[in-house]
Structures are given as C-alpha cells and as structure tokens.
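J.: The structure is given below, and queries will be raised subsequently.
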Number of protein chains: 2
Amino acid sequence: MVHSAIHEDTARDGRSDAVADDAVMSMADFHSWFNARARVNSFQVDRIPFADLSGWDFEPDTGNLVHASGRFFSVEGLRVRTDRPWVGEWAQPIIVQPEIGVLGILVKRFDGVPHCLMQAKMEPGNINGLQISPTVQATRSNYMKVHGGAATKYLEYFRPGSRGRVLFDGLQSEQGSWFLHKRNRNIVVETDDDVALDEDFCWLTLDQIRRLLRLDHMVNMDSRTVLACVPPALARPDDRTDGDGSFVEAVHRSLSGRGRSVHDPGHILSWLTEVRARQELVQRRVPLKEIAEDGWRLGHDVIDHRDGKYFDVVAVAVEASNREVTAWTQPLVAPRQSGLLALLVKRIGGTLHALVQARSDAGTLNIAELTATVHCQPGNYADAPAEYRPPYLDYALAAPTGRVRLDVVHSEEGGRFYHAQNRYLVIEVEDGFAPDPDDRFLWTTLSQLMSLLSHSNYLTVELRSLMAGMRSF
Amino acid sequence: MVHSAIHEDTARDGRSDAVADDAVMSMADFHSWFNARARVNSFQVDRIPFADLSGWDFEPDTGNLVHASGRFFSVEGLRVRTDRPWVGEWAQPIIVQPEIGVLGILVKRFDGVPHCLMQAKMEPGNINGLQISPTVQATRSNYMKVHGGAATKYLEYFRPGSRGRVLFDGLQSEQGSWFLHKRNRNIVVETDDDVALDEDFCWLTLDQIRRLLRLDHMVNMDSRTVLACVPPALARPDDRTDGDGSFVEAVHRSLSGRGRSVHDPGHILSWLTEVRARQELVQRRVPLKEIAEDGWRLGHDVIDHRDGKYFDVVAVAVEASNREVTAWTQPLVAPRQSGLLALLVKRIGGTLHALVQARSDAGTLNIAELTATVHCQPGNYADAPAEYRPPYLDYALAAPTGRVRLDVVHSEEGGRFYHAQNRYLVIEVEDGFAPDPDDRFLWTTLSQLMSLLSHSNYLTVELRSLMAGMRSF
C-alpha cells in the first residue's frame, strides 16, 4: 500500500535506526499500533446523488450547496478575472468556509527528546482511510466551546492561558484552487505536563515523523502543514553529516540559515510585492447556478466541467465503525487527476536554494503566494499551446532518477477532497540550471522560506508540504 | 490654517534648526514654495447631485455606483457579521477598488544627507486642497503603462530594473471602515542619479518632514503611510538626546530596537493569531440598493444613514486651474464626524512601549490588524451603553495636557474621502496604567511594530500615521 522512493544517502538510514532508540515507541510498534487502529476504525464511503444528502441542499435562489444549519461550509460559484494570457478569465465552483479552524501539534520531551502527539484519524476523502493527523483538528465552533459536548481531545493545550510554551502560531492558507480565502491556524505547543495517552494517539519523535513523511498517503495534509512550521531548532543538532557534502547536510545547513543566500530578505519581499502589485486577480462570488454558462454541468450526482478537466463536486455517505464517529453525508471536491508539485533545488555558493514561484489561484487571499517550481494538474494543460505549458513541467516529468531526492504521493485534506492526491518531488538540478529565471521565479534558501512561514499567506499549503518533505532528510 | 501642538522637549527645536542647514531648501523657502504652489494650483470643489456625475451611474440591477469604463472604483453594499456584543451585524456602503496602486518616495543623498522627493498635490476631498504627497501616487493602470499618455512623473524610479536601491517595498492596507480589502504598494527607493526637479516637487530632509508632520493637514495620508515604512536607520543617528531621559530619546531608543521588550516577537504573533482565529468576521458583498433595508437612505445627492452617524456618500464636481488637471466629477465618502486615534505609550523597564489594539473593520482583509489604543469616531458611540464604549476613549479625551506628546489633525485620502479628518494623539501614561490590559490589547515596542510593518496587513493605516508621527520626535 505504501512505498517510499529515497535516493542518495543510504548512510543516513543507519543513523535513523540509531536515533530511534530515543523514542518512546519503536517504528515496529508504531506500525503495529497504526494497523490495529485501522482495523478498529473501519469505515465505508459511498458516492450518492446530491438528493440523498442529509441536511445539505441547493439554495433555491442561488443554487449554492449549503448546510441547513448555516455551518460547515458551502459550495458556491466564483468568477475570476486575471491578466494571464491563457485561460485568463473563468468561473468555477469554490468551497466557502469563512471560519478558521485549529490544527495543533502538542510536543513533549521524553528523556530530553521532543515527541509530537499524533493521531490516527479517518477522513472520508482519504484514499486509504486512516492517516496520521495532528494532535488537534478543530473547527472554530469546537475551539470556542469552553464546556460541554463531545469536546475535541487535547484542545485545552491550545487555548490561551494553557501552561504550554507556544513554539509556532500562525494562520496558513489552504488550496487556493478549491477554497475561497481559506486558512487554518497552525499551532505547535510544548508542554511539561503528564499527558494521558488516548488509544487513537501516539508519541512520535521528529526522526520518526521524518521517516513517515516518506511514505505515500501516511501523513495527512493537516499534519504536513503544521510540521512545516515546527522550528528547525527543535530537532536535535545533526552532526553526523557535518562536512560530508551530502544532500542531507546541504538541506540541514540551508534550513539552519548558515551559509550565504543569493538574495537578501528585503529583495525577496520586494520581488513578491512587485508580483502582487502587477498581477490582476479579481474574485467575485456568484450564485453556483450561474456558472453553468461557463461549461459547468450541474448534474444529479456530480457537478463537472464539460471539458473533463479540473475537478468535480460529488456527494458521499460515510459510515464508520468507530464509536465516536457516526454516519453522515457531505459534499466533497474530487479532482479529475493527480497534481504534480516539484521543487527544483540546487547548491549556489555552497548553500542549497529552492526555485520558488509566485502563484495566484482562484481563491488566493493575498493575490500570490510562493509555491513549488512546478505546481499544477498536468492534465489541465493537455491542450495548452506549448508556450503556455507551465515552465519546468516537462523537465520535472523527465527528471533523471539520479537527481530526484524525494518522490512521494500525499493525500490532500480528506475532509473536503475526495481522493485528491499530489506527487511531491524534490529534484536537485545541475549547476547551470535556470541561473536567471523569469520574474515569477526566485531562488531562495530554505531558512528564508522558514522566516516567511512565520507570517500568513506567504507559502501555499503545497509548498508547505514540500517544506515538511525537506524535514524528512 | 495650520497649528502645531508640541509639548515637552523645547530643547529639540533648537536642534532642529541646526540640522536644517544640511537641507537643500530651508524651511522658510519650503513654505514660500508651498504657498506659491497653492496659488498656482487653485481649484474649486462643489457638491453635486448624483445625476450630475459624468461617467458614473447607479447600475440598474444592483444600484451599485460604478464608472462606465469599469475602472477607478465602485461603491457597493457590504453585509458584515461579527460576534461583537454591540452592533455585531450591519450593512453599509463600501468602496471596492481591487487594483493596487503605488505610493512611492524617492530618496537621494545631498552631501550625504538623505532627502525625500515630495510633491505638492491637490486632492478634491482635502480640507485645505494642497498637501504634501509622496513622489508618486499611481494607479495600477499608470504603473503598467510602459509608454505613452500623461506618464506619472518619476514613476520610472519605482519600476523593476530601475537603478535605485529598494529601502522598503510592501503592500499596506487602507481604511477598513470604508474600503473593502484595499491595499496600496508602499515603496521607498534611493537613487544616485541626477534627478530633474519638477516645479510641483521639492527635496526635504527627514528632519524637515518631521516638522511638517506636526502641522495640521499638511502631510497627506499617502505620505504618512510611506514615511512610516522608511527604515529608521536612514535617519542620522541622533546623539544629542543620548542619556537625557527625554521622551524624544525614549522614542528613538524604542524605534532602534535597543532595550528590552515586555513580549518576544513570537508571543505577539501568537496573540494576534488567537484574536484572528476567535474573531468572527464574515463579509459579503451585496447590491448597494439592498442596504436600504438597513437604515441607509439612497437620496438624490447623498447616501446617508437614518441615525445621522457613520458616513455619507456624496458626489463632487472639481475644477482646477492647474494645467495638468482638468475638470471632473466623482463620488466621495464623507464621514459624519472626525475620528480619534490615540496611542497610549509608557516606559516599561526603560523601553517605550505602545498599547496597541487588534481591530476588525468591515473591510479588513486579514480579520484583524493592529491599531491605535483608541480608534473610533467618538460620535458613533454617543448612544452606546457604557460597557460598550471603546476602552480608553474617555481617558484619551480627558488626558492631562502634560501627558500629551503629540496632538495633530491630519486629512485622510482626499481622492476618496471628503473632508475626512482624524485627530492623532500620543499620550504618555503613568507607570501603573493598564499593566495587564484585556486580550484585545498588547504592549509592544516601536521596533516590534516596525518589524511587523515589513509584512502586509499588520498595522492599520491609522496606526501607520501614528508611527509616522513617532518619527516626528
């Protein structure tokens, strides 16, 4: 079910096994536990017609797909105008969810070694059901509810006045292609308390998580975005690769901020400001039924585009054996194909740099965010004129195996997306590659990206997944 | 016409006169030049009925006030839902202007002393017509236009590839009460070129601008927001107050980042993230005509609220004698009364701290931004129950003269607002004041605010005006 594609640095695997001794649970025990949770948390997800949704309806006036309570989220229409040369204006369905949820990881040291409290959690859109989640995934309603109801486990550690130390706390964006202005709070808190361990949870070291991040469909999106925000200093200093010239050493050095960068931080901000000021991105919410004029077919059991591209909106019925989760129905966004996220990296002046792109999506809050060098669903460009194919896409698709440093397939948010998967690639390119890329692209160090991560809406969730991937070296 | 209210540190005035010798133009010559420009740039602004607007019309379907070209801006309706206890839900007219303009100041050293190229510019909404503006105020259309037309003067210095050094470059928000998600690019560029001086422009040192910032209605909003972003290090080190314990020294020390702060930067970000995650702010654009249900009267020559509060939307005809500016008509937002922006400051552990507030306005892009301790139009609270009066408002209104460090009235953007003026106060409070303010307020140093200014949507334009005011000491 899972595979890992790891190239180079076989020496590191020996090291990993060594440090695993510091963990409260061995990797073997983790997998036994995880498989046991998968058996207990069995579930069934079935596609259903929209008419069979319970509590969800198409609003008569607008055709928007909304919940009777006014809560959760809605699927509405969005009309977008940009100044792009190819598909510059369009309309599409979009998920509207103005509330901010909490994605939190609780950290605690055992014998001095930081461990993260992770959860085995089922989401209906996951390809393989159960994945590793953060300690807490809570909606605003959960978060604001001080007493009563089925409280979210461990949420108290993330409330103001908790005794923990906040290691990271910021709002981060989610998929701009499918969400309108969506963000969640990403928070990492360290505690010294004795923490009672629930059966769906386990303590994992950063080294163990590093290994899980190389498995397909294992670490969910909510985990990856929070893990990307964990301060690199939390991981123990790694002196085993010092001076060995390996890719792993280059990643660690670039994350640590040692070494020279091509651009100073002021230049990076100015470059992004220039892109944001030039880029036209006019977003207007419209009734969902209005986008039928734009090629979207509003069917009984699917909303899809007549070109067979982009994504569908579907409905599912979920039944789960887990006693805490009951049966429910909900809409999900189902991409028509896998996405490709490729980060091209190279050592410049001895420091590893990543080639990031400033990208605008339909639902981007802040006009443009930094993302991977290649960020697309390749199938959407099948009929694109050659000059409008995404730069570096063909290079990434044909990259020599010897240059591929990471190649893993992750699921995207299974609570909103149905079988949405992206292939994440890190490719180390040759010295002379793209020395002077076009003005939507810039070479940055990993520590420069970490600095921007402290603030909202700089790195897409897809680039944050790759930053989590960088922590897997 | 102008007055300045400066308390404390009379010694500093002597200092100011001394440094003025470094300037290319004396203050006396500046005022002569400015008065001469005012005579040449005479103009006439008259209120007119909406029907007399040329090129502007109420859209039949929506009632939105739009320009026939689809450019400039529109006045639409906005429906807002928050979880505030008093006036938690409302609808209002709002200015929608999705384009990002450029506000740029060009800096050049003469004999080593940095000078800013400032412009004498008329705006129709200004109380006294002519004010000091940045080198460039350009719309996106101006900015993108590489050739032809009446090019914006000096714009070439702010384009990518210009030979200047970029000292600051970021998107900054504008009035959330009246604009939906509006931002402009604030940019400061230093050049070594010989720059031809146009007759509407002059070179001023930061010291000279510092003095002008203490005059009412002299330095326009666009200047103030960019001046707030000028790196403090650009001003010459000020050793004349070193160790004298004066308020001026405390301001300079706090701006420089020397001295201890109550909170570390991570705590400030976490506190603001908490506010943003808890605060409900649901914004929905609606047809302007729909807000009539909410007390707004759509009249022939004014859109106003039946309670006589908030603001009106009006139309004006402008005629100017200046040969570059012709006659035109346009809508403007006219506040019903002056606003009050009061920043309470105190020395904590020897370092000057400001008590900032996290505030959400109708049109705020990022849920909440930091603003002054008191930020309101006091008249809007005339009928508010005592418990819902803004905290510290009554304190600020009754502050002892001896504690007032700055008291100046500035105009807000005269291109969109008609006679919009705010009183800006800096009040140094006693040691025991608000040691543990409620969770929407936080004590920060001035250098911590400067760090946040590097990124978008942290400080309101009103707080940035006060930060410019802090540079006037």
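J.: Hey, can you tell me all the residues within segment A:26-49 that are of a type in the set (Val, Ile, Thr) and more than 26 Å from the chain's Cα centre (by Cα)? Lay out the reasoning, then the answer.
T.: Just the residues of segment A:26-49 that are of a type in the set (Val, Ile, Thr), to begin with: A:40, A:45, A:48.
Selection gives A:40, A:48.
J.: Still on this model: Against the conditions (1) more than 14 Å from chain B (Cβ to nearest Cβ); (2) more than 23 Å from the chain's Cα centre (by Cα), where does residue A:271 fall short? Just the number, please.
T.: That leaves (1) as the condition not met.
J.: Do we find a residue being out of contact with any helix residue (DSSP H, G or I) (no Cβ under 6 Å at 6 or more places or on another chain), of a type in the set (Val, Ile, Thr) and either without any contact (Cβ under 8 Å) to a residue 40 or more places away in the chain or closer than 27 Å to residue B:75 by Cα (or both) anywhere in segment B:338-345?
T.: There is no residue in segment B:338-345 that is out of contact with any helix residue (DSSP H, G or I) (no Cβ under 6 Å at 6 or more places or on another chain), of a type in the set (Val, Ile, Thr) and either without any contact (Cβ under 8 Å) to a residue 40 or more places away in the chain or closer than 27 Å to residue B:75 by Cα (or both).
J.: Consider residue B:230 carefully, then state whether it is among the β-branched types (Val, Ile, Thr) and either out of contact with any Phe, Trp or Tyr (no Cβ under 7 Å at 6 or more places or on another chain) or within 14 Å of chain A (Cβ to nearest Cβ) (or both). Can you show your working first?
T.: Working: among the β-branched types (Val, Ile, Thr): yes; either out of contact with any Phe, Trp or Tyr (no Cβ under 7 Å at 6 or more places or on another chain) or within 14 Å of chain A (Cβ to nearest Cβ) (or both): yes.
Here the answer is yes, as residue B:230 does meet what is asked.
J.: Across segment B:283-302, what is the total count of residues that are touching a residue at least 60 places away in the same chain (Cβ under 8 Å) and more than 14 Å from chain A (Cβ to nearest Cβ)?
T.: The number of residues fulfilling the criteria is 9.
J.: Scan the helices (runs of 4 or more DSSP H) fully inside segment A:213-278 and keep the ones with 2 or more residues being surrounded by fewer than 21 Cβ atoms within 10 Å (Cβ to Cβ).
T.: A:247-256, A:265-278
J.: Let me ask you something else. Checking the structure you have, find out if any residue of segment B:307-324 is within 20 Å of residue B:88 (Cα to Cα), surrounded by 15 or more Cβ atoms within 10 Å (Cβ to Cβ) and at pLDDT 95 or above.
T.: The answer is yes; a qualifying residue exists.
J.: In segment A:372-381, what residues are surrounded by fewer than 23 Cβ atoms within 10 Å (Cβ to Cβ) and touching a residue at least 40 places away in the same chain (Cβ under 8 Å)?
T.: Across segment A:372-381, the qualifying residues are A:377, A:378, A:379, A:380.
J.: A follow-up question, please. In segment B:447-463, how many are closer than 27 Å to residue B:178 by Cα and more than 14 Å from chain A (Cβ to nearest Cβ)?
T.: So the answer is 5.
J.: Pull up segment A:352-365, narrow it to residues that are outside any loop (DSSP other than H, G, I, E, B) and away from every other protein chain (no Cβ under 14 Å), then point me to the one that is nearest to residue A:124 (Cα to Cα).
T.: Among residues in segment A:352-365 that are outside any loop (DSSP other than H, G, I, E, B) and away from every other protein chain (no Cβ under 14 Å), the one nearest to residue A:124 (Cα to Cα) is A:359.
J.: Considering only segment A:36-57, I want to know if a residue exists there that is surrounded by 13 or more Cβ atoms within 10 Å (Cβ to Cβ), in contact with a helix residue (DSSP H, G or I) (Cβ under 9 Å, 6 or more places away or on another chain) and farther than 27 Å from residue A:129 by Cβ.
T.: Yes: segment A:36-57 contains one or more residues that are surrounded by 13 or more Cβ atoms within 10 Å (Cβ to Cβ), in contact with a helix residue (DSSP H, G or I) (Cβ under 9 Å, 6 or more places away or on another chain) and farther than 27 Å from residue A:129 by Cβ.
J.: All but one of (1) within 14 Å of chain B (Cβ to nearest Cβ); (2) modelled with pLDDT of 95 or more; (3) out of contact with any Lys or Arg (no Cβ under 7 Å at 6 or more places or on another chain) hold for residue A:278; which doesn't?
T.: Only one criterion is unmet by residue A:278, namely (2).
J.: Tell me which residues, restricted to segment A:366-410, are outside any strand (DSSP E or B) and within 14 Å of chain B (Cβ to nearest Cβ).
T.: A:366, A:367, A:368
The values are calculated or read from the model by the stated rules, or taken from the named source; none is laboratory data. These numbers were taken from a predicted model, which means no experiment stands behind them. Heads up, the Cβs are rebuilt from the backbone with ideal geometry, glycines too, and the neighbour counts pull from every protein chain shown.
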